[in-house]
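> Take a look at the following structure, please.
The values are calculated or read from the model by the stated rules, or taken from the named source; none is laboratory data. Please read all numbers here as calculations on a predicted model, not as lab measurements. Cβ placement follows ideal geometry from the backbone for every residue including glycine, while neighbour counts extend to all protein chains displayed.
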Amino acid sequence: MPVIGFAIKKPSTPPEPEWVSYFDNTRWGAASSTSWTGTAWSSSGFEIYLDVAVSDDWYEGYRPTKIRVTYTGGPVAMSLVDENLNDIAEDASYVSGTELDITFDQVLDGDISKLRDMCCGSMEVTNIEFLV
């Protein structure tokens with residue numbers, strides 16, 4: 001009589017979320033009083049205001065769950081805005097390096113469009129990361 005064997009397959013573990021940096025001037029474009037120094041986004045005014053770089057389509061359909069912005073200066077009010085001009089992540093007293101939840105509108109579901117950091121004086125943004 002033949003022996004029939006079988007194996008129990010364990011469910012695969014989904015990959016752990018990881019932080020991905022979308023930070024430099026290939027990913028964002030300066031607006032308002034903001035400039036790219038080669039290593040940071042800088043402003044001597046009251047805000048750093050960035051638009052996604054339309055030459056790179058990284059933001060199309062991109063749906064991270066959190067954002068983390070590292071900066072010098074501050075304190076800042078920070079907001080991440082979608083293409084429908086909805087704030088999808090915001091904090092009126094954001095602290096550098098803090099994880100902030102991103103909530104995309106379930107009806108309009110717009111892509112990431114702008115990042116705005118408003119400050120009390122000069123500041124530099126040294127990293128912009130997303131949790132995916």
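> Out of the residues in the stretch 42-69 meeting the condition of being at pLDDT below 95, assigned to a strand (DSSP E or B) and not aliphatic (A, V, I, L, M), tell me which one is nearest to the chain's Cα centre (by Cα).
ASP51
> Examine the stretch 81-91 for a residue that is touching a residue at least 40 places away in the same chain (Cβ under 8 Å), surrounded by 17 or more Cβ atoms within 10 Å (Cβ to Cβ) and under 15 Å from the mean Cα position of the chain (by Cα), and state whether such a residue exists.
So far as the stretch 81-91 goes, no, none of its residues is touching a residue at least 40 places away in the same chain (Cβ under 8 Å), surrounded by 17 or more Cβ atoms within 10 Å (Cβ to Cβ) and under 15 Å from the mean Cα position of the chain (by Cα).
> Here's something else I'd like to know. THR26 versus (1) buried (at least 16 other Cβ atoms within 10 Å of the Cβ); (2) within 30 Å of LEU108 (Cβ to Cβ); (3) polar (S, T, N, Q): which is the lone unmet condition?
(1)
> Still on this structure, I have one more. Could you tell me whether the stretch 110-130 includes any residue that is closer than 27 Å to PRO17 by Cβ, more than 11 Å from the chain's Cα centre (by Cα) and free of Cβ contacts under 8 Å to residues at least 24 places away in the same chain?
no
> Go through the stretch 67-108 and give me each residue that's closer than 20 Å to VAL52 by Cβ and in contact with a Cys (Cβ under 7 Å, 6 or more places away or on another chain).
Hit for the stretch 67-108 is VAL76, nothing else.
> So which residues in the stretch 10-41 are assigned to a loop (DSSP other than H, G, I, E, B), modelled with pLDDT of 85 or more and not small (Gly, Ala, Ser)? Let's see the steps before the verdict.
Within the stretch 10-41, the first condition is being assigned to a loop (DSSP other than H, G, I, E, B), and the residues that meet it are 10-18, 22-27, 32-33, 37-40.
Imposing the further condition that a residue be modelled with pLDDT of 85 or more reduces the set to 16-18, 22-27, 37-40.
Within the stretch 10-41, GLU16, PRO17, GLU18, TYR22, PHE23, ASP24, ASN25, THR26, ARG27, THR37, THR39 meet the criteria.
> Test each condition in (1) closer than 15 Å to LYS114 by Cβ; (2) surrounded by fewer than 16 Cβ atoms within 10 Å (Cβ to Cβ) for LYS10 and report the one that comes out false.
Of the numbered conditions (1) closer than 15 Å to LYS114 by Cβ; (2) surrounded by fewer than 16 Cβ atoms within 10 Å (Cβ to Cβ), the odd one out for LYS10 is (1).
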